[in-house]
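Trainee: This is the structure, below, for whatever I ask next.
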Amino acid sequence: MRVVIVGGSHAGISCALRAREEYPDAEVVMYEKQGSIGFIAQSIPLYLRGDRHFEKLKSYTDVPALERQGIVVRVNTEICRVDTDAKTLEVTPAGGAASTDRYDKLVLATGSYPSIPLAFGSYRDSLYLVKNYEHAMRIKTLMETAKRIVIIGGGAIGVEIARALLYRNVPTTLLQSHATILDRYVDDEVSADIIDSLRSAGLDVHTGAVVTEFEEVSGPGGRRQAIATTSDGRVFSGDGIIYATGFRPNSFLVGDAAELGDKGAIVVDDYMRTSIPDVFAVGDCSTTNLTNVARPVYVPHASDAFRQGEIAAINLTGPRQRINPSQGTYNLNIGSRTMCISGITRKRAIEEGFDAEIASYRNEFLDIDDLLPSDDNDEDPYYKVWLVYERGTHKILGFELRGTATDLSPYADLMSLAIERGLTVEDLEFVDFYFKQGYANPRSFSKYLAAVVRQQDPRA
Ligand SMILES: Cc1cc2nc3c(=O)[nH]c(=O)nc-3n(C[C@H](O)[C@H](O)[C@H](O)COP(=O)(O)OP(=O)(O)OC[C@H]3O[C@@H](n4cnc5c(N)ncnc54)[C@H](O)[C@@H]3O)c2cc1C
């Protein structure tokens with residue numbers, strides 16, 4: 001069996017490794033159009049901050065490591081066309097002539113690309129994207145001389161990049177089209193809390209700012225200035241504009257030969273099969289099933305990409321293992337505070353037909369300075385939880401957490417499982433959680449939240 005994987009990032013790599021394990025006799029071939037594999041985009045903020053750990057943290061594997069496992073890896077090689085009837089691919093190495101390869105099973109792990117502006121004006125050189133290492137290097141060069149940088153997009157990427165720029169003392173403006181930031185991840189109250197802390201860290205945040213026009217002008221001393229104008233006439237300028245308005249699935253190889261879904265992502269079933277026989281799609285190019293959301297949606301997350309890659313490999317020769325749904329679990333470092341989430345927001349839950357409510361609970365750490373991360377340690381240490389639940393059943397739908405610890409993600413992992421399994425607030429109330437010394441209330445947050453939920457929505 002010849003297994004061909006297109007794309008050498010997280011989804012493709014996890015698929016190749018698992019295919020190797022499941023089918024020792026198969027040929028496993030991976031094509032990647034860039035010069036290296038497995039770049040972790042999460043490390044871009046570290047790079048911009050000048051973190052000395054970046055080199056070690058930017059990837060977890062390389063071509064020789066995969067080749068030692070018997071996987072054939074062709075970097076700098078693009079797949080330009082696929083014929084799913086003949087089961088062939090057109091292979092084009094950088095600077096070389098095209099040739100044809102064949103497959104028995106094809107896995108598309110072609111990922112995503114940054115959505116780019118649909119706005120008027122001439123702005124090409126002033127526009128900066130955030131997806132790969134080359135993009136990060138371009139932004140770093142801009143940072144070295146910039147007097148101000150404008151970021152468009154108040155999602156996770158825009159906010160993380162903004163914090164990295166502020167860390168390097170680059171004056172930064174963040175423009176967000178919606179009324180709140182991080183609105184896909186958190187409810188309004190949490191967003192307002194995050195905006196407050198970003199503003200007090202020096203970020204110039206503007207919401208309801210829909211940019212419709214860009215312009216490059218020559219400023220004082222011939223210095224190039226990028227100007228962004230919003231639909232309501234507000235004008236913002238900087239030395240460059242970073243565009244962080246999300247990602248789109250790179251589904252062009254199969255085009256409309258395959259069924260496409262949300263945002264044009266390749267529709268897959270629970271076994272990562274597309275509508276084309278023997279063609280699978282994984283990671284950012286495919287759709288994802290979210291718990292408590294009726295239809296498959298587009299969720300470009302590395303955590304899902306890894307899982308989907310492996311699941312496709314297991315099912316190459318027939319459906320053997322369904323994928324667990326996603327809870328969109330995410331962790332975001334915003335300066336000295338961390339935010340993590342799992343499940344859906346209250347807004348989203350209501351759209352999905354739930355009678356949803358939020359219960360919140362704040363716990364303080366005892367005031368020990370050393371517990372705080374070093375870059376901004378003048379805040380009172382704390383964590384605060386917002387739990388989205390269904391009235392009546394008390395089923396947990398979503399979880400949003402902010403706090404001053406550097407890594408709160410284990411809470412999100414735990415709640416991801418609770419949400420996937422449909423647990424209620426009461427199911428978690430008396431679970432044996434670790435007794436955490438150093439908190440004003442040492443018992444688990446689930447204990448306190450259950451009391452809040454019962455106060456808000458007494459059980460019959
Ligand atoms: C700044 C930043 C921070 C992020 N932080 C997080 C986070 O904290 N948590 C999280 O879960 N996710 C995060 N993400 C998202 C995460 O990086 C993506 O979900 C993940 O990279 C998707 O992996 P993938 O393998 O599906 O696709 P991609 O990483 O998009 O890779 C696809 C690969 O396919 C190659 N390719 C495409 N077409 C072809 C072709 N025709 N021929 C050959 N090769 C091809 C591309 O060159 C690319 O290497 C972040 C993203 C960014 C940009």
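Trainee: Of the residues in the stretch 37-72, how many are at negative phi and within 9 Å of the ligand (Cβ to nearest atom)? Outline the logic, then answer.
Mentor: So the first thing to find is which residues in the stretch 37-72 are at negative phi, and the list is 37, 39-49, 51-69, 71-72.
Retained after the next criterion (residues that are within 9 Å of the ligand (Cβ to nearest atom)): 37, 39-45.
Selection size over the stretch 37-72: 8.
Trainee: What is the number of the single condition among (1) open to solvent by 40 Å² or more (accessible area, probe 1.4 Å); (2) of a type outside the set (Val, Ile, Thr); (3) within 30 Å of Tyr23 (Cβ to Cβ) that Leu108 does not meet?
Mentor: (1)
Trainee: Please go through the stretch 111-126 and pick out each residue that is among the aliphatic types (A, V, I, L, M) and away from the ligand (no atom under 16 Å from the Cβ).
Mentor: Here is the first cut: in the stretch 111-126, the residues among the aliphatic types (A, V, I, L, M) are 116, 118-119.
Residues satisfying the conditions are Leu118, Ala119.
Trainee: In addition: Residues in the stretch 215-257 that are in contact with a strand residue (DSSP E or B) (Cβ under 8 Å, 6 or more places away or on another chain), without any contact (Cβ under 8 Å) to a residue 24 or more places away in the chain and assigned to a loop (DSSP other than H, G, I, E, B): how many?
Mentor: The qualifying residues number 2.
Trainee: Any residue that is more than 9 Å from the ligand (Cβ to nearest atom) and in contact with a helix residue (DSSP H, G or I) (Cβ under 6 Å, 6 or more places away or on another chain) - is there at least one of those in the stretch 86-107?
Mentor: yes
Trainee: Also, I was wondering about something else. Hey, can you tell me all the residues within the stretch 79-103 that are over 22 Å from Met1 (Cα atoms) and assigned to a strand (DSSP E or B)?
Mentor: Step one: list which residues in the stretch 79-103 are over 22 Å from Met1 (Cα atoms), which gives 80, 92-98.
Correct list: Cys80, Thr92, Pro93.
Trainee: Looking for whichever is farther than 23 Å from Arg2 by Cβ and touching a helix residue (DSSP H, G or I) at 6+ places or on another chain (Cβ under 8 Å) here; the options are Leu57, Leu17. Which one fits?
Mentor: Details: Leu17 fails: farther than 23 Å from Arg2 by Cβ.
Every option except Leu57 fails the conditions.
Trainee: Also: Could you say whether any residue in the stretch 267-279 is open to solvent by less than 10 Å² (accessible area, probe 1.4 Å), closer than 25 Å to Gly343 by Cβ, over 15 Å from the mean Cα position of the chain (by Cα) and touching a residue at least 12 places away in the same chain (Cβ under 8 Å)?
Mentor: From the stretch 267-279, those open to solvent by less than 10 Å² (accessible area, probe 1.4 Å) are 272, 279; that's our starting set.
Next cut, closer than 25 Å to Gly343 by Cβ only: 272.
Subsequent filtering for residues that are over 15 Å from the mean Cα position of the chain (by Cα) retains 272.
Imposing the further condition that a residue be touching a residue at least 12 places away in the same chain (Cβ under 8 Å) reduces the set to 272.
Yes, there is a match, as at least one residue in the stretch 267-279 is open to solvent by less than 10 Å² (accessible area, probe 1.4 Å), closer than 25 Å to Gly343 by Cβ, over 15 Å from the mean Cα position of the chain (by Cα) and touching a residue at least 12 places away in the same chain (Cβ under 8 Å).
Trainee: Right, here's the next one. Which of the residues spanning the stretch 306-338 are away from the ligand (no atom under 13 Å from the Cβ), at pLDDT 95 or above and assigned to a loop (DSSP other than H, G, I, E, B)?
Mentor: Asn315, Leu316, Thr317, Gly318, Pro319, Arg320, Gln321, Arg322, Ile323, Asn324, Pro325
Trainee: Working only within the stretch 6-35, note down all residues that are near the ligand (Cβ under 9 Å from one of its atoms) and open to solvent by 40 Å² or more (accessible area, probe 1.4 Å).
Mentor: Matches in the stretch 6-35: Ser9, Lys33, Gln34.
Trainee: Restricting attention to the stretch 383-419, report how many residues are without any contact (Cβ under 8 Å) to a residue 24 or more places away in the chain, farther than 11 Å from Tyr330 by Cα and open to solvent by 10 Å² or more (accessible area, probe 1.4 Å). Explain how you work it out, then say what you get.
Mentor: Step one: filter the stretch 383-419 for residues without any contact (Cβ under 8 Å) to a residue 24 or more places away in the chain, giving 410, 414, 417-418.
Restricting the remaining residues to those that are farther than 11 Å from Tyr330 by Cα gives 414, 417-418.
Narrowing the set further to residues that are open to solvent by 10 Å² or more (accessible area, probe 1.4 Å) leaves 414, 417.
Residues meeting the conditions: 2.
Trainee: Do we find a residue being open to solvent by less than 60 Å² (accessible area, probe 1.4 Å), modelled with pLDDT of 95 or more, within 16 Å of the ligand (Cβ to nearest atom) and in a loop (DSSP other than H, G, I, E, B) anywhere in the stretch 186-209?
Mentor: Taking every residue of the stretch 186-209 in turn, at least one turns out to be open to solvent by less than 60 Å² (accessible area, probe 1.4 Å), modelled with pLDDT of 95 or more, within 16 Å of the ligand (Cβ to nearest atom) and in a loop (DSSP other than H, G, I, E, B).
Trainee: Quick check: anything in the stretch 331-349 on the phi > 0 side of the Ramachandran plot and in contact with a Gly (Cβ under 9 Å, 6 or more places away or on another chain)?
Mentor: Initially, the stretch 331-349 is screened for residues on the phi > 0 side of the Ramachandran plot, giving 335, 343.
From what's left, in contact with a Gly (Cβ under 9 Å, 6 or more places away or on another chain): 343.
Within the stretch 331-349, one or more residues are on the phi > 0 side of the Ramachandran plot and in contact with a Gly (Cβ under 9 Å, 6 or more places away or on another chain).
Trainee: Can you report the number of residues in the stretch 420-460 which are in a loop (DSSP other than H, G, I, E, B), of a type in the set (Lys, Arg) and surrounded by 12 or more Cβ atoms within 10 Å (Cβ to Cβ)? It would help to see each step written out before you state the result.
Mentor: Looking only at the stretch 420-460, we keep the residues that are in a loop (DSSP other than H, G, I, E, B), and these are 421-423, 430-438, 440-444, 457-460.
Among the residues that remain, those that are also of a type in the set (Lys, Arg) are: 421, 436, 443, 459.
Applying the additional criterion that residues be surrounded by 12 or more Cβ atoms within 10 Å (Cβ to Cβ) yields 436, 443.
The number of residues fulfilling the criteria is 2.
Trainee: Separate question: For the stretch 258-276, what are the residues that are in a loop (DSSP other than H, G, I, E, B) and β-branched (Val, Ile, Thr)? Please lay out each step first, then the result.
Mentor: Taking the stretch 258-276 first, the residues in a loop (DSSP other than H, G, I, E, B) are 258-259, 261, 265, 267-272, 274-276.
Those that are in a loop (DSSP other than H, G, I, E, B) and β-branched (Val, Ile, Thr): Val267, Val268, Thr274, Ile276.
Trainee: Hey, can you tell me all the residues within the stretch 281-305 that are surrounded by fewer than 21 Cβ atoms within 10 Å (Cβ to Cβ), near the ligand (Cβ under 8 Å from one of its atoms) and not in a loop (DSSP other than H, G, I, E, B)?
Mentor: Within the stretch 281-305, Ala302, Ser303 meet the criteria.
Trainee: Can you name the residue in the stretch 144-166 that is buried (at least 17 other Cβ atoms within 10 Å of the Cβ) and away from the ligand (no atom under 15 Å from the Cβ) and, of all such residues, is farthest from Phe214 (Cα to Cα)? Show your work before the answer.
Mentor: First, pick out the residues of the stretch 144-166 that are buried (at least 17 other Cβ atoms within 10 Å of the Cβ): 146, 148-166.
Of the ones still in play, those that are also away from the ligand (no atom under 15 Å from the Cβ) are 146, 148-150, 166.
Working: Ala146: 18, Arg148: 16, Ile149: 14, Val150: 12, Leu166: 23 Å.
Looking at the filtered set, the residue picked out is Leu166.
Trainee: Something else about it: Looking at the stretch 127-142, which of its residues are within 15 Å of the ligand (Cβ to nearest atom), among the hydrophobic types (A, V, I, L, M, F, W, C) and assigned to a helix (DSSP H, G or I)?
Mentor: Within the stretch 127-142, the subset within 15 Å of the ligand (Cβ to nearest atom) is 128-140.
If we keep only those that are among the hydrophobic types (A, V, I, L, M, F, W, C) as well, we get 129-130, 136-137, 139.
Scanning the stretch 127-142 gives Ala136, Met137, Ile139.
Trainee: Out of Val3, Val75, report the one residue that is away from the ligand (no atom under 14 Å from the Cβ) and under 23 Å from Ser112 (Cβ atoms).
Mentor: Details: Val75 fails: away from the ligand (no atom under 14 Å from the Cβ).
Among Val3, Val75, only Val3 is away from the ligand (no atom under 14 Å from the Cβ) and under 23 Å from Ser112 (Cβ atoms).
Trainee: Please enumerate the residues belonging to the stretch 48-67 that are touching a residue at least 60 places away in the same chain (Cβ under 8 Å) and either small (Gly, Ala, Ser) or open to solvent by 40 Å² or more (accessible area, probe 1.4 Å) (or both). Give the steps one after another, and end with the answer.
Mentor: So in the stretch 48-67, the residues touching a residue at least 60 places away in the same chain (Cβ under 8 Å) come out as 48-50, 58.
The answer is Arg49, Gly50, Lys58.
The values are calculated or read from the model by the stated rules, or taken from the named source; none is laboratory data. Please read these numbers as outputs of a predicted model, since none were measured by experiment. Ideal geometry is used to build each Cβ from the backbone, glycine not excepted, and the neighbour counts take in all protein chains shown. Please note that ligands, DNA and RNA were not included when accessible areas were found on the heavy atoms of the full protein model with its side chains. Shrake-Rupley method; radii C 1.70, N 1.55, O 1.52, S 1.80 Å.
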